[in-house]
Amino acid sequence: MKTLRSCRTCTACCTYLRIESQPGYTTRYDTGEDIAKPAGQACRFLSDSGCGIYAVRPQVCRKFACDWLQGRKGFSLTDFPLLKGYFAVDGNYFACSPAQEE
Ligand code: SF4
Ligand code: SF4
């Protein structure tokens, strides 16, 4: 999703998101590991410097935008998730850490 804002160093939704297994993904992108994970579990491709497979990250990651990233009403620029310690999805709030259940 294209927005005027940027995730920058935030990776909070990399734990929040549920990622389906994607046939062929492992071999196509040579990740060597299944991309699938349940919601609330940190992604195995998450590193200290962000997404370790950013260029080939799955669609669910590309499309996801929290309420702040979308610039929804009530989420000002200074409400950046990493600064606040939480992010929101359709008005529902989740802590940036530890792992959250959907
Ligand atoms: S929680 Fe929002 S700002 Fe943080 S990485 Fe996800 S979409 Fe970007
Ligand atoms: S593939 Fe990358 S962007 Fe997607 S959840 Fe994992 S670390 Fe985050």
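The values are calculated or read from the model by the stated rules, or taken from the named source; none is laboratory data. Predicted model, so just to flag it, every value in this text is computed and none were measured. Cβ coordinates were reconstructed from backbone atoms using ideal geometry, including for glycine residues, and neighbour counts include every protein chain displayed.
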**Q.** Only listed residue being within 14 Å of ligand 2 (Cβ to nearest atom) and at pLDDT 90 or above, chosen from F87, F80
**A.** F87
Q: Kindly provide the set of residues from segment 36-55 that are surrounded by 13 or more Cβ atoms within 10 Å (Cβ to Cβ) and over 24 Å from A95 (Cβ atoms), ordered by number.
A: I53
Q. In the list R72, R62, which residue meets the criterion of being within 14 Å of ligand 1 (Cβ to nearest atom) and assigned to a loop (DSSP other than H, G, I, E, B)?
A. R72
